[in-house]
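J.: Next up is a structure, given as structure tokens.
None of the figures in this text is laboratory data; all of them are computed from the coordinates on show. Because the structure is a prediction, the values reported are computed rather than measured. Cβ: placed from backbone, ideal geometry, glycine included. Neighbour counts: every protein chain shown.
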Amino acid sequence: MTIQTKTTQAPLLEVRNIKKHFQAKGISGETQTVYALNGISFTLREGETLGLVGESGCGKSTAARTVLRLIEPTAGEILYRNQDLLALRPDKMRSLRKEMQIIFQDPFASLNPRKRIDKILEEPFDIHGFTNPSKIKERVVGLLDKVGLSSDQADKYPHEFSGGQLQRIGIARAIALNPSLIVADEPVSALDVSIRAQVINLLLDLKESMQISYLFISHDMAIVRHFCDRVAVMYLGKIVELADSEPLYNKPQHPYTEALLAAIPSIDPETKKERMKIKGDLPNAMDMPRGCAFHTRCPIREKQCEESIPQLKEARPGHHVACFLRE
Amino acid sequence: MNYLSKFSAVFLTIVASAAVFAPWVAPYSYETQDTLNTLAAPGFDHWMGTDRLGRDLFSRLIYGARVSLFIGVVTTLLALLIGTVYGALSGYVGGRTDSVMMRFVDVVFALPDMLMIILITVMMGRGVMGMFIALTLVSWVTMARLVRGEVLRIKEYTYIEAAHALGAGDLRILLREILPNILGLMIVTLTFRIPVAILAESTLSFIGLGIAPPFSSWGTLANEGWKAIKFYPHLILFPSIAIFLTILSFNFLGEGLRDRLDPRKRTQFG
């Protein structure tokens, strides 16, 4: 119930039309532009979990990093509690980083192999000017306890842990400074299936106990349904559909969402898949299709899809979709 | 650590302490002449024999270790320091800065080492200082390249991004996240580069551009000994053995340290 009341509050994070274009050097030396993000906008309310889904290369991870300003966007605005992050002075931005953290996909690469676990977890406090060593030690023990690890493992090195344990340590580091926002970039996709549920449950527990809002990046539609309040579907650097989880899963509007949902394996082999299937690969982000980015693979495309770009519009209350045929 | 590198560490410690405490360890001074016993073969009075002027070879070898080791260790340390700062900066900043800084390294690297060393020592005059500067100037580029490569590799790891996300500054990231990862490589490189510098010093002294007599270094001793190799082989044998064993020991030590400094390998030994 507490979460319910919180979700009605003002947005914690508001992303307005952010774009990120990378310059890439081709083999023959000419520069090409990679259109990683082509104007995405969404809001994340206090206490809410927003899923960001899409296939590999659609710009999910770029979006995750851009939101935290780990990558500078080419254009757009990022408002965190009504402050424009992109306009902040570097020192202000650094102190604001306490409130926004990230959990990475690969737990093995996200912890420094040369540092002991306690040193890794003391780092956040050290950076933000906590000076009392015994207090910090106490906090580190508390963090390990929160993520389900025992404090006598604190003097070990990362290579002595399993992937699941390492991800817990990564989560401990992210929650060290009591953040309000955590960007989780595929936090379970590198883990064994048996470990995934544990880590997801840990994230859910932390959400309740610490009032954290998540931006949850994933390509696993089943986990997103279980974990997220709302879901944004991305395709080639754009959001094509944005809605509450249940309507999105039950009544997908965009053909791409339909296709993604059709790809979820069913437990019942007798269930005939009558839903949409698509063929082919994601088009090259250096050579964007004209018109609707999805038209090259869309089974229901029409003439206008090849010429003009559909905008994200509210098809029903709270259900946004970017498709001419489903408006 | 394996026995070979442990043994090497002990050997190098002995050589180094003998060099440091030379006046107490050496039975004679490096310039004391035993004029009745010139060109003596190894024996009880003179363990390694004497040279043409009757100077005790063992004593001269110990005093020579001072010069050889000092030049070897200090030039390498200095080159490492310069190379690390330069390389780390270049790799970390990246982009155009990196290109410009590395082109300069390429230029220095392209100059033939020995030619540069000889030119500089000729310019500076014979002596420790000239050799010191010459050897440092030619060897820091190797370090810079090595460190830059490692920094380029390591800065792409997610834990660097995590540090950024926590609000860590660039200096903190370089010192706390990247440096610990290249420290092992640096120490190992140090042990592999010291012999190169010792050898370079010996070579220079051997061709007559190094330390001026009556001071001795292993290179000058070998140079003097070489002239009488046919009749008094001990004069070149002992300096050569000293150089050979020291260089070999540094190499073994380097290998041992490389394994030892990696926490992933460390725990296997408890």
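J.: Using amide H atoms built 1.01 Å from N in the peptide plane, name the residues 5+ places from residue A:239, or on other chains, whose amide H lies under 5 Å from its own.
T.: Those qualifying (amide H under 5 Å, at least 5 residues apart or on another chain) are A:41.
J.: Please compute the length gained on full extension between residue A:56 and residue A:251, using 0.36 nm multiplied by the number of residues separating them and subtracting their Cα-Cα distance.
T.: 67.8 nm
J.: Further, regarding this structure: Per residue of the stretch A:143-149, what does 6.51 cos²θ - 1.76 cosθ + 1.60 with θ = phi - 60° give for ³J(HN,Hα)? Whole Hz please, x for Gly and Pro, Karplus curve as stated.
T.: 5, 4, 4, 4, 9, x, 10
J.: Would you please classify the overall shape of chain B from the alpha carbon gyration tensor, given that a ≥ b ≥ c denote the square roots of the eigenvalues, rounded means a/c under 1.5, and beyond that prolate means a/b larger than b/c while oblate covers the rest? Spell out each step's value before the answer.
T.: On the way: a/c = 3.30, a/b = 1.87, b/c = 1.76.
It is prolate, given that a/c is not under 1.5 and a/b is the larger ratio.
J.: Considering only A:151, A:41, A:180, give the residue with the highest GNM mean-square fluctuation for chain A, with springs between Cα atoms whenever their separation is below 10 Å.
T.: Result for chain A, Cα springs under 10 Å: A:151 fluctuates most.
J.: Helix by helix through chain B, keep the DSSP H runs that span 18 Å or more along the axis on Cα and average at least 1.0 on Kyte-Doolittle, and give those back in order.
T.: Sorted by number, the helices that extend far enough and score high enough are B:3-20, B:57-93, B:128-154, B:179-206.
J.: Based on DSSP, what percent of beta bridges with both residues in the protein assembly as shown are antiparallel, to the nearest 5?
T.: Working: 32 of 50 bridges.
Roughly 65 percent of the DSSP beta bridges within the protein assembly as shown come out antiparallel.
J.: Output the relative contact order of the stretch A:241-327, whole-number percent, from Cα pairs under 8 angstrom with separation of 6+ residues. Mind showing how you got there, number by number?
T.: Values: 96 pairs, mean separation 28.3, N = 87.
Over the stretch A:241-327, the number comes to 32 percent.
J.: In the stretch A:24-46, which residues have a backbone nitrogen under 20 Å from the label point lying 7 Å from residue A:10's Cα in the Cα-to-Cβ direction?
T.: A:42-46
J.: Would you mind telling me the antiparallel percentage of the DSSP bridges in the stretch A:130-253, rounded to 5? All intermediate terms of the calculation are to be shown ahead of the outcome.
T.: Working: 6 of 11 bridges.
Antiparallel bridges make up about 55 percent of those DSSP assigns within the stretch A:130-253.
J.: A further question on this structure: Using a 7 Å offset from the Cα along the Cα-to-Cβ direction at both residue A:162 and residue B:85, what is the distance between the two label points in nm, to one decimal?
T.: According to this spin-label approximation, the distance is 4.8 nm.
J.: For chain A, take the longest principal axis of its alpha carbons; what is the angle in degrees between that and the long axis of helix A:163-175, to the nearest 10 within 0 to 90?
T.: 80 degrees
J.: Return a whole-number percent for the relative contact order of chain A, with Cα pairs under 8 Å and 6 or more residues apart as the contact set.
T.: 20 percent
J.: Taking 35 Å as R0, compute the FRET efficiency from the Cβ-Cβ separation of residue A:282 and residue A:210 and round it to 0.05.
T.: Efficiency, rounded to the nearest 0.05: 0.45.
J.: Using amide H atoms built in the peptide plane, which far-off residues or other-chain residues are under 5 Å from residue A:103 H to H?
T.: When sequence neighbours closer than 5 places are left aside, the close amide H contacts are A:183, A:184, A:185.
J.: Can you give the angle from 0 to 90° between the axis of helix A:193-210 and the longest principal axis of chain A, with both taken from C-alpha atoms, to the nearest 10?
T.: The two axes meet at around 70 degrees.
J.: Remind me, relative contact order of the stretch A:73-224 in percent, using alpha carbon pairs under 8 angstrom and six or more residues apart?
T.: Worked out over the stretch A:73-224, it gives 28 percent.
J.: Right, here's the next one. For residue A:87 and residue B:119, what does the FRET efficiency come to when R0 = 51 Å and r is the distance between their Cβ atoms, rounded to the nearest 0.05?
T.: My answer for the efficiency is 0.40.
J.: Mean residue ellipticity at 222 nm from the helices of chain A, using -39,500 (n - 2.57) per DSSP H segment of n ≥ 4 over the full residue count, to the nearest 500 deg cm²/dmol?
T.: Helix-only estimate at 222 nm: -8500 deg cm²/dmol.
J.: Now for a separate question. Please list 3J(HN,Hα) in residue order for the stretch A:48-54, calculated via the Karplus relation 6.51 cos²θ - 1.76 cosθ + 1.60 where θ = phi - 60°; whole Hz, with x for glycine and proline.
T.: 9, 10, 10, x, 10, 10, x
J.: Next question. Rounded, prolate or oblate for the stretch A:241-327? Axes are the square roots of the Cα gyration tensor eigenvalues, ordered a ≥ b ≥ c, and the cut-off for rounded is a/c under 1.5.
T.: Cα axes put the stretch A:241-327 in the oblate bin.
J.: With the crude spin-label approximation of a point 7 Å out along Cα→Cβ, what separation in nm comes out for residue A:201 versus residue A:70?
T.: 2.8 nm
J.: Also, I was wondering about something else. Name the shape class, rounded, prolate or oblate, that the alpha-carbon gyration tensor gives for the protein assembly as shown, where a ≥ b ≥ c are the square roots of its eigenvalues, rounded holds for a/c under 1.5, and otherwise prolate holds if a/b is larger than b/c and oblate otherwise.
T.: Because a/c hits 1.5 or more and a/b exceeds b/c, the protein assembly as shown counts as prolate.
J.: Rounded to the nearest 5, what is the percent of antiparallel bridges among the DSSP beta bridges in chain A?
T.: Around 60 percent of the beta bridges assigned by DSSP in chain A are antiparallel ones.
J.: Can you pull the one-decimal nm distance between simple spin-label points at residue B:171 and residue B:228, each 7 Å off the Cα toward Cβ?
T.: The modelled label-to-label distance comes out at 5.9 nm.
J.: Continuing with this model, one more query. Give the distance, in whole Å, between the Cα centre of the stretch A:189-210 and the Cα centre of the stretch B:95-117.
T.: Using only Cα atoms, the two centres lie 51 Å from each other.
J.: While we're looking at this one, here's another question. Would you list, by chain and number, the lysines whose Cα falls below 30 Å from the Cα of residue A:277, excluding same-chain residues fewer than 8 positions away?
T.: Reachable lysines: A:19, A:20, A:60, A:238, A:251, A:303, A:313.
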